[in-house]
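**Q** This structure is in structure tokens; I'll ask about it shortly.
The values are calculated or read from the model by the stated rules, or taken from the named source; none is laboratory data. What you see is a predicted model, and the numbers here were worked out from it, not measured in a lab. Positions of Cβ are generated from backbone atoms using ideal geometry, with glycine treated the same way; all protein chains shown enter the neighbour counts.
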Amino acid sequence: MTIDQKFIHQLVNVTTKAAIASYQFVGKKDKIAADKAAVDSMRNELNQMNIKGEIVIGEGELDKAPMLYIGEKVGTTYGPEIDIAVDPLEGTNFVANNLPGALSVISIAEKNNLFNAPETYMEKISAKVNEKGVIDLDYTVKENIFNLSEYLNKKPENITACVMDRPRHNDIINELSRIGVKIKLITDGDVMGALFVTDKKYKVDIFLGIGGGPEGVLAAAALDAYNCHFQGRFLFDTDDDKNRANKMGIKDLTKKYELNEIIRGDSIFCATGITSGDLVSGIKIKNKKFVSETLITHKSSGIKKIIKNIDNR
Ligand code: VTB
């Protein structure tokens with residue numbers, strides 16, 4: 001089974017509208033209002049789609065409503081059963097502070113093909129490698145870099161690693177520096193960070209570190225279409241996290257997931273820029289119209305492209 005291509009433009013519409021809604025808050029120092037605008041818009045647009053949709057990766061669980069919460073049903077119900085992962089505003093700090101890289105992101109897969117996980121941290125690694133055993137979450141930083149260096153036929157000092165700038169990554173960053181790897185530090189937005197490995201133009205060979213689990217699942221959806229390697233390991237630190245994971249049917253809390261255990265079968269991924277970043281341009285206003293860019297991937301048709309959209313409001 002595949003997901004009908006007609007859903008691509010409907011999803012581009014969903015993330016584009018959410019991006020425009022959030023754009024009104026660029027530089028306004030209000031993360032919550034920016035996020036709420038994106039969430040409200042996304043829910044409204046999803047509810048108009050002819051799908052029987054369920055949010056499996058969202059912003060928290062039921063108690064955190066009015067966010068798009070895990071388990072929330074969306075769509076008219078007249079259509080296929082679809083699992084949905086959303087990050088209506090990825091990079092709330094970017095919008096609040098008018099910084100590059102804010103995105104509105106969604107991914108869909110057929111029912112039961114998208115990992116159902118609570119909102120916790122995830123240890124992640126990605127690279128444009130389609131062989132097993134080159135990079136692995138269980139390897140040391142050094143092993144990963146040396147293996148990748150051999151695989152890419154590139155000296156370690158010519159390899160670039162993208163890491164989120166967090167104290168928890170000090171050991172990774174120090175080790176990368178010791179080996180002489182070039183580091184690309186990002187302040188937030190690790191969906192984008194993980195996707196930098198998809199194309200040479202971003203000049204990133206490997207992405208690693210701990211970030212949001214939902215962001216990891218979303219990145220995996222796009223990486224699948226690019227035939228990249230991705231592994232994720234959820235980190236369930238508190239008892240509350242562990243109980244929620246158990247309730248969701250996750251038995252082994254320390255399991256390392258391969259990309260095809262996180263997302264299976266066909267999928268669509270859309271990310272629309274809110275503020276301009278390396279991946280896509282942000283919202284621009286030209287002749288009173290909103291111009292946006294969206295990165296789209298559709299696994300079964302092999303579509304991987306950035307499209308421009310002009311919103312006639
Ligand atoms: C990331 C990143 C987000 O949160 O997953 C991160 O993609 C989670 O880590 O853009 P921290 O708690 O350390 O921030 C963001 O930075 C913000 O939602």
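**Q** Of these, 133, 193, which one is of a type in the set (Gly, Ala, Ser), under 18 Å from residue 224 (Cα atoms) and not in a loop (DSSP other than H, G, I, E, B)?
**A** 193
**Q** Where residues in segment 196-217 are among the hydrophobic types (A, V, I, L, M, F, W, C) and part of a helix (DSSP H, G or I), which of them is farthest from residue 159 (Cα to Cα)?
**A** Step one: of segment 196-217, the residues among the hydrophobic types (A, V, I, L, M, F, W, C) are 196-197, 204, 206-208, 210, 217.
Remaining after also requiring part of a helix (DSSP H, G or I): 196-197, 217.
Working: 196: 13, 197: 11, 217: 25 Å.
Step by step, filter segment 196-217, then rank; the result is 217.
**Q** Additional query: Output the residues belonging to segment 256-276 that are touching a residue at least 40 places away in the same chain (Cβ under 8 Å), under 20 Å from residue 127 (Cα atoms) and not hydrophobic (A, V, I, L, M, F, W, C).
**A** 256, 257, 261, 264, 267
**Q** How many residues does segment 282-306 contain that are more than 18 Å from the chain's Cα centre (by Cα) and over 12 Å from residue 20 (Cβ atoms)?
**A** Residues flagged as more than 18 Å from the chain's Cα centre (by Cα) and over 12 Å from residue 20 (Cβ atoms) within segment 282-306 amount to 6.
**Q** Which residues, counting only those in segment 18-35, are of a type in the set (S, T, N, Q) and either surrounded by fewer than 21 Cβ atoms within 10 Å (Cβ to Cβ) or in contact with a Gly (Cβ under 9 Å, 6 or more places away or on another chain) (or both)?
**A** 24
**Q** Here is a further query. Which residues, counting only those in segment 139-175, are more than 10 Å from residue 209 (Cβ to Cβ) and part of a loop (DSSP other than H, G, I, E, B)?
**A** Correct list: 139, 140, 153, 154, 155, 159.
**Q** Please go through segment 218-241 and give me each residue that is hydrophobic (A, V, I, L, M, F, W, C), in a helix (DSSP H, G or I) and more than 11 Å from the ligand (Cβ to nearest atom), ordered by number.
**A** Correct list: 220, 221, 222, 223, 225.
The rows are residues; the columns are (1) closer than 24 Å to residue 26 by Cβ; (2) away from the ligand (no atom under 16 Å from the Cβ); (3) among the hydrophobic types (A, V, I, L, M, F, W, C).
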| position | (1), (2), (3) |
| --- | --- |
| 75 | no, yes, no |
| 81 | no, yes, no |
| 109 | no, yes, yes |
| 112 | no, yes, no |
| 118 | no, no, no |
| 122 | no, no, yes |
| 128 | no, yes, no |
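**Q** Another question, if that's okay. Return a yes/no flag: does segment 245-266 have any residue that is at pLDDT 95 or above, within 16 Å of the ligand (Cβ to nearest atom) and outside any strand (DSSP E or B).
**A** yes
**Q** Looking at segment 83-107, which of its residues are among the polar types (S, T, N, Q), away from the ligand (no atom under 13 Å from the Cβ) and either under 17 Å from residue 42 (Cα atoms) or touching a Cys at 6+ places or on another chain (Cβ under 9 Å) (or both)?
**A** Scanning segment 83-107 gives a single hit, 107.
**Q** Which pairs do you get when a residue that is aromatic (Phe, Trp, Tyr), found in segment 136-163, comes within reach of a residue that is part of a strand (DSSP E or B) and buried (at least 20 other Cβ atoms within 10 Å of the Cβ), reach meaning Cβ atoms under 9 angstrom, with the pair 6+ apart or on two chains?
**A** So the pair list comes out as 139/125; 151/127.
**Q** May I pose another question? Checking residue 110 against (1) in contact with a Gly (Cβ under 7 Å, 6 or more places away or on another chain); (2) surrounded by 20 or more Cβ atoms within 10 Å (Cβ to Cβ): exactly one of these is not met. Which one?
**A** Condition not satisfied by residue 110: (2).
**Q** Okay, moving on. Would you check which residues across segment 208-232 are over 13 Å from the mean Cα position of the chain (by Cα) and of a type outside the set (A, V, I, L, M) and list them?
**A** 209, 226, 227, 228, 229, 231
**Q** Then there's this: State whether the residues of segment 128-148 include one that is hydroxyl-bearing (Ser, Thr, Tyr), under 20 Å from the mean Cα position of the chain (by Cα) and over 28 Å from residue 298 (Cβ atoms).
**A** Checked segment 128-148: no residue is hydroxyl-bearing (Ser, Thr, Tyr), under 20 Å from the mean Cα position of the chain (by Cα) and over 28 Å from residue 298 (Cβ atoms).
**Q** Only one of 245, 161 is crowded, with 16+ Cβ neighbours inside 10 Å, aliphatic (A, V, I, L, M) and within 17 Å of residue 115 (Cα to Cα). Can you tell me which?
**A** Of the residues listed, the single one that is crowded, with 16+ Cβ neighbours inside 10 Å, aliphatic (A, V, I, L, M) and within 17 Å of residue 115 (Cα to Cα) is 245.
**Q** Okay, moving on. When residues of segment 176-190 are filtered for being within 15 Å of the ligand (Cβ to nearest atom) and in a helix (DSSP H, G or I), how many remain?
**A** Adding up the residues that qualify gives 1.
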